[in-house]
Amino acid sequence: MNKPNYKRPLFVGIFIIAGLAMLVSGVFMIGSQGKLFNKKFTLKIIFNDVNGLQPGNNVWLSGVKIGTVKKIAFYGQTQVQATISLDKQAETRICKDAIAKISTDGFIGNKIVVIYGGTAGMVKNGDFLRSNKAGASTEDMLDTLQQNNKNLLQITNNLKLVTGRIANGEGTIGGLVNDASLFKELQFTMKNLTIASQKSDRVVTNIEAFSGRLNNQKGLVNELFTDTAIFIKLTEAIADLKQTMTQLKGTTSSAAAFIDNLQSVTAQLNEKNNTVGMLLHDEEAAGDLKEMIKNLKTSSHKLDEDLEALQHNFLLRGYFRKKQKNKQSSY
């Protein structure tokens, strides 16, 4: 009688146990990754356009995955409602006035829902979140990139055209590159500008030095600007000087009038029609005048002698003595 063979059932049992262990471990691994055994709560979001969002896409809060999109359904005529399933532990971190928007996980990654902002109290299961306009889609970014490529191509063509004109000596820059004389003139101009800049620096230095002297408290100019008494005296001196200048102008006007009168008299003296002019210019009239004066002197002398003789005349002697006596008594 043959003994029963137990090896085969043993191997089959070991294989079944190993398979069950792998199945259980796989279930736990999948559950831990998908957080199937964690407590959940749901929120709802109304979008005008989900932009390709699908169930199973991730939900992020502050850069941390907190759940997934559970359901996408139409809402009303033109809107779409997204139901998201979130970890219970994230419930205390989401505010009632938080905002949800659709973004992209990377440049061409899957769509995700991003929750941000909010200051009010925490949400409850089944609440609605406000939605924001979806970010730029991949198509929008590609369209923008295509437009940028067109602009870059146009810029490249323009740059090629400009460099070609420069190489051909066209325009100012082309002339500078290809014309040696124009380049020398530019060098000369730059040299003059350098000299002018140096002179400007010296002027600024002189101004700074002058300003320093103005700030010197022991200087006269500083006293003129800061000492009120000196400033008042200077103002009075300027006023006196103005008055003196006014008087001098009046004196000048009088002197001018005197000179005019003197010129008029001189002109009259130069004329032979009047008496003075005739005496100055007519020698015969001058001789007659001299003779007349001489005769007057002679007549005056003879008259004196006659009066002296009359005083000694016996007929008039008493008269002159009486007159002399009265004259002395009056003193």
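Laid out as a table, the results:
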item	result
Meets criteria (surrounded by 13 or more Cβ atoms within 10 Å (Cβ to Cβ), outside any strand (DSSP E or B) and small (Gly, Ala, Ser)) for Gly52	yes
Yes/no for Ala98 being within 23 Å of Gly52 (Cβ to Cβ) and either of a type in the set (A, V, I, L, M, F, W, C) or buried (at least 17 other Cβ atoms within 10 Å of the Cβ) (or both)	yes
Those residues of region 176-196 which are at pLDDT 85 or above and either surrounded by 12 or more Cβ atoms within 10 Å (Cβ to Cβ) or in contact with a Pro (Cβ under 6 Å, 6 or more places away or on another chain) (or both), in sequence order	none
Test: Val113 is at pLDDT 85 or above, touching a helix residue (DSSP H, G or I) at 6+ places or on another chain (Cβ under 7 Å) and surrounded by 12 or more Cβ atoms within 10 Å (Cβ to Cβ)	no
Residue within region 153-161 that is touching an Asp or Glu at 6+ places or on another chain (Cβ under 9 Å), outside the structural domain of Ser62 (by the TED database) and more than 19 Å from Asn58 (Cα to Cα) present	no
Matching option when the condition is more than 25 Å from Asp140 (Cα to Cα), at pLDDT below 80 and among the aromatic types (Phe, Trp, Tyr), among Phe15, Phe41	Phe15
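Here's the yes/no breakdown for (1) modelled with pLDDT under 80; (2) surrounded by 10 or more Cβ atoms within 10 Å (Cβ to Cβ):
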site	(1), (2)
Gln198	no, yes
Leu214	yes, yes
Gln217	yes, no
Val221	yes, yes
Thr228	yes, no
Lys233	yes, yes
Leu241	no, yes
Ala255	yes, yes
Leu262	yes, yes
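The values are calculated or read from the model by the stated rules, or taken from the named source; none is laboratory data. Owing to the predicted nature of the structure, the values given are computational and were not obtained by experimental measurement. Ideal geometry is used to build each Cβ from the backbone, glycine not excepted, and the neighbour counts take in all protein chains shown.
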